[in-house]
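The values are calculated or read from the model by the stated rules, or taken from the named source; none is laboratory data. Remember, it's a predicted structure, so these values are computed and weren't measured experimentally. So basically every Cβ, Gly included, is an ideal-geometry build from the backbone, and we count neighbours across all protein chains shown.
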Amino acid sequence: MGKAFDPILIIEFLPTLIKYLGVTLEIVFFSMIFGTIIGIIVALPKLFHIPIVRQIVTLYISFIRGTPILIQLFLVYYGLPALLSIWNIDITRMDALYFVIITYSLSHGAIFAEIFRGAIQAIDIGQTEAAYSIGMKPLQSFFRIVLPQAIRIAFPNMANSIIGSLKDTSLAFTIGVMDMMGRGETLISSTAHALEVYISLSIVYYVIVLVFEKIFKISERYFNRYQPHGISSI
Amino acid sequence: MIEIEGLKKKFGHNEVLKGINMHVEKGEIISILGPSGSGKTTLLRCLNYLESPDEGQIVIDDVLINAHKVNKKDIYQLRKKSAMVFQAYNLFQHKTVLQNVMEGLVVVQKKSVNEAKEKALEVLQKVGLKNKIDAYPSQLSGGQQQRVGIARALALNPEVILFDEPTSALDPELVGEVLEVIAKIAREGKTMIIVTHEMNFAREISDRIIFMDNGVVIEEGIPQQIFTEQKEERTRQFLKRMTPELDYSI
């Protein structure tokens, strides 16, 4: 057991931990960007019923959904260097942060793909027909008419998933990334005030999640600007 | 100006169009009448390739498409010749009234934003919605939405406007305002093909009426002839069902 509980320490630890907030946000930011790109690419084979590729992405999505993120993290951390060593590419000295971003991007990609697919399918086919009837080409119609409306439907689910991943980043320290959680662990070993550190950490995470929720609420209001009053989704 | 030859279309085993021939002159207003499932909407949708016909040939102005050898370029060219007004309006939900009308002008016809806006305001004035340009479709009544749909089609200045049951989704009290706008455009000499169940309207506005049933054209002629001196029994029965008040005057 650690030393006697000292509430003052909770406040004192805060600045030390917040210094590492940047790493956490970096993971969330990049995995969100790459996850969105992967998500759109992965959603397409299912939307357009492309054989074989469709089965592959289905397997990928079901694997990601069916395994814990912690295990995915280790699979990428140990698996990717092993895989690349076949072609004599050595990435064993690569910063652990990149492995974290790769894992979270892959994980987000699968989840976003399902969210996008549902959202795009929810858009009335009449929208596409109207776009064609005024002479638009398929890509113009998709990017100008269908996608902007699909994003509105996808947004609340994406927001939930991003908030979830913000909390999941706390697992990054298990492969040696010095984020807030990692710094917290070192604080515990140097001060033996575990409870104070964890309370401090929970305050930081909680406040960040509240800020994210507020931002998403405001964005959601913007996305719903063309919806009839009182109906906020679909 | 529009020439349709031997147009056929099947959905699975169901042959919806069984070889349609049709000819439309520039400036002519054609109404297509017929019972549900007779293929009138499918015919209209084939004209701008929202449905691709299995056989036959479509000519609009200088664009010719044969169902056996179609390429994407021809389809885009054909679609630029026509504009469609949909039964369910199909306005772009995320765009304002003005943006809905400007979209095709800017994206397809590559007009400058200023030019497009000027044109859009002109047609919106014509359909009586210049005071609603910043509203979103969900904030409008059905009749207003359909008038925007008509403005969107009209702005493109197509060779022909295709109306697919433009008033069928409307509350009865809103039908009038939409028919009024269509009649107004008709008087300006626009070529129009209208699929409708509004018998009196079709009778008043059309230069020619085409009666379809079961995937074929049964009879065609000027409204007077179709409504009062029909040659075909099927036409007579249909009109009797659709316009019961005729019973009293006979």
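Values computed for the structure shown
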| item | result |
| --- | --- |
| Wholly within the stretch B:181-250, strands (runs of 3 or more DSSP E) carrying at least 1 residues that are within 25 Å of B:ALA88 (Cα to Cα) | B:191-195, B:208-213 |
| Residue identified as farther than 30 Å from B:VAL108 by Cβ, assigned by TED's automatic domain parsing to the domain that holds A:LEU14 and surrounded by fewer than 17 Cβ atoms within 10 Å (Cβ to Cβ) among A:LEU187, A:LEU195, A:LEU201 | A:LEU195 |
| Any chance B:LEU129 is closer than 24 Å to A:PRO148 by Cβ, within 13 Å of chain A (Cβ to nearest Cβ) and crowded, with 19+ Cβ neighbours inside 10 Å | no |
| Set B:ALA135, B:ALA83: member being within 13 Å of chain A (Cβ to nearest Cβ) and assigned to a loop (DSSP other than H, G, I, E, B) | B:ALA135 |
| Which numbered condition A:ASN160 fails, given (1) more than 14 Å from chain B (Cβ to nearest Cβ); (2) touching a residue at least 24 places away in the same chain (Cβ under 8 Å); (3) of a type outside the set (Phe, Trp, Tyr) | (2) |
| Conditions (1) surrounded by 16 or more Cβ atoms within 10 Å (Cβ to Cβ); (2) of a type in the set (Asp, Glu); (3) within 14 Å of chain B (Cβ to nearest Cβ); number of the one not met by A:ASP179 | (3) |
| Breaking point among (1) without any contact (Cβ under 8 Å) to a residue 40 or more places away in the chain; (2) on the phi > 0 side of the Ramachandran plot; (3) in contact with a strand residue (DSSP E or B) (Cβ under 7 Å, 6 or more places away or on another chain), for B:TYR49 | (3) |
| Considering residues of the stretch A:137-153 that are crowded, with 17+ Cβ neighbours inside 10 Å and in contact (Cβ under 8 Å) with a residue 40 or more places away in the chain only, the residue farthest from the other protein chains (Cβ to nearest Cβ) | A:ILE153 |
| Hits in the stretch A:118-136 - residues which are over 25 Å from B:PRO158 (Cβ atoms) and either part of a helix (DSSP H, G or I) or within 7 Å of chain B (Cβ to nearest Cβ) (or both) | A:GLY118, A:ALA119, A:ILE120, A:GLN121 |
| Search result, residues across the stretch B:98-115 that are buried (at least 19 other Cβ atoms within 10 Å of the Cβ) and either away from every other protein chain (no Cβ under 11 Å) or in a loop (DSSP other than H, G, I, E, B) (or both) | B:LEU98 |
| Yes/no for B:ALA183 being surrounded by fewer than 18 Cβ atoms within 10 Å (Cβ to Cβ) and aliphatic (A, V, I, L, M) | yes |
| Restricting the stretch B:39-77 to residues that are acidic (Asp, Glu) and within 21 Å of B:MET192 (Cα to Cα), the residue that is farthest from the other protein chains (Cβ to nearest Cβ) | B:ASP62 |
| Residue match in the stretch A:166-182 (condition: modelled with pLDDT of 90 or more and basic (Lys, Arg)) | no |
| Index of the failed condition, A:ARG117 passing every other in (1) over 30 Å from B:ARG79 (Cβ atoms); (2) in contact (Cβ under 8 Å) with a residue 24 or more places away in the chain | (1) |
| Residue within the stretch B:140-155 that is buried (at least 21 other Cβ atoms within 10 Å of the Cβ), touching a Lys or Arg at 6+ places or on another chain (Cβ under 7 Å) and facing chain A (nearest Cβ under 10 Å) present | yes |
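Okay, residues lined up against (1) touching a Pro at 6+ places or on another chain (Cβ under 6 Å); (2) over 29 Å from A:LEU201 (Cα atoms); (3) surrounded by 12 or more Cβ atoms within 10 Å (Cβ to Cβ); (4) among the aliphatic types (A, V, I, L, M):
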| position | (1), (2), (3), (4) |
| --- | --- |
| A:LEU9 | no, no, yes, yes |
| A:ILE18 | no, no, yes, yes |
| A:ILE40 | no, yes, yes, yes |
| A:ARG54 | yes, yes, yes, no |
| A:PRO68 | no, no, no, no |
| A:PRO81 | no, yes, yes, no |
| A:TRP87 | no, yes, no, no |
| A:ASP95 | no, no, no, no |
